[in-house]
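Just so it is clear, none of the values below were taken in a lab; they were calculated from the coordinates. Just so it is clear, the model here is predicted, and its values are computed rather than measured. Here the Cβ is made from the backbone with ideal geometry for all residues, glycine too, and neighbour counts use every protein chain on show.
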């Protein structure tokens, strides 16, 4: 049986595309293994999905001063050794890396062992971990056409972002039963990413008295960010949702979200109008701002920068978004979103076949 190693972690955007690929690869007869960190968020998500998981030492790649910058390079070196041991044991035909600091040791180890590596970059501009892996990659794939200018020439391709097919198979009735909401009002869903978005959390909770007469609100607030002192009819909050997410999407009319590439591509796939509030420059490298601008330009979403947002403005923008929802849905229906899962799985099988042919020659 053909075997592939998937890797990536640190945020949901580095994990869920791999899970989308995993489902199709399994259907095509591939044996799967996920390599992640010992205690990263990807461990629980991948194991919950039923995939075999092995962990390695990792060191975070920081762009700011920290004493951990002195010790984490040694963790990366240990991670490369851990990954080499696993790859020697498992003998995969290919490694598919989605980015994040956990992917770096796996890619470096694969290169040393002569195992082909595919990289995927979801954001408009490449992340640091992926940039450090470019020279080791056999092929590099991206989500936005604009990204090609920042990728190695001759081996880079636009694929789109792999989206989990199951997200479109949710049940409105199941979501009503799960949340206890009445279903009598439109539903606003806030998604802050796997780590949550404290600024958006605070603004949303502050705005509930003005929002709840118009919407029921589902709030995915992030690990450790629940506020059980907020207890209003029509408002439910969860730290993180996995298997019920497809049902919540089926119930949702509009979305308030950060603008990580994977998250907004899921909204495009599901045709959910969204108000996007990207991470500000003082908290990110600016990729979310570029993602949001691209989606606003294409008519898929509305964007507002966090520094411009007040409780009153938030309510105003969300009410307008709901009023204009069909305009955004029409733009999304007209989009030519590629079938990234099929394209990438075809590329994986082509590379594996070429490698096997070379070994047999």
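Among the residues of region 122-147, what is the count of those that are closer than 19 Å to residue 262 by Cβ, without any contact (Cβ under 8 Å) to a residue 60 or more places away in the chain and surrounded by fewer than 21 Cβ atoms within 10 Å (Cβ to Cβ)?
Residues in region 122-147 being closer than 19 Å to residue 262 by Cβ, without any contact (Cβ under 8 Å) to a residue 60 or more places away in the chain and surrounded by fewer than 21 Cβ atoms within 10 Å (Cβ to Cβ): 2 in total.
Residue 238 passes all but one of (1) buried (at least 21 other Cβ atoms within 10 Å of the Cβ); (2) within 26 Å of residue 319 (Cβ to Cβ); (3) within 21 Å of the chain's Cα centre (by Cα); which number fails?
Residue 238 satisfies every listed condition except (1).
Hey, residue 173 hits all of (1) touching a strand residue (DSSP E or B) at 6+ places or on another chain (Cβ under 6 Å); (2) surrounded by fewer than 20 Cβ atoms within 10 Å (Cβ to Cβ); (3) part of a helix (DSSP H, G or I) but one; which does it fall short on?
Tallying (1) touching a strand residue (DSSP E or B) at 6+ places or on another chain (Cβ under 6 Å); (2) surrounded by fewer than 20 Cβ atoms within 10 Å (Cβ to Cβ); (3) part of a helix (DSSP H, G or I), residue 173 fails exactly one: (1).
Here's a check for you: in region 176-206, which residue that is surrounded by fewer than 16 Cβ atoms within 10 Å (Cβ to Cβ) and out of contact with any helix residue (DSSP H, G or I) (no Cβ under 8 Å at 6 or more places or on another chain) is nearest to residue 131 (Cα to Cα)?
198
Residue check: is residue 331 surrounded by 20 or more Cβ atoms within 10 Å (Cβ to Cβ) and part of a helix (DSSP H, G or I)?
no
Given (1) out of contact with any strand residue (DSSP E or B) (no Cβ under 9 Å at 6 or more places or on another chain); (2) free of Cβ contacts under 8 Å to residues at least 24 places away in the same chain, where does residue 117 come up short, assuming only one miss?
(1)
Would you point out which residue out of 154, 168 is outside any strand (DSSP E or B) and on the phi > 0 side of the Ramachandran plot?
Testing whether each residue is outside any strand (DSSP E or B) and on the phi > 0 side of the Ramachandran plot leaves just 154.
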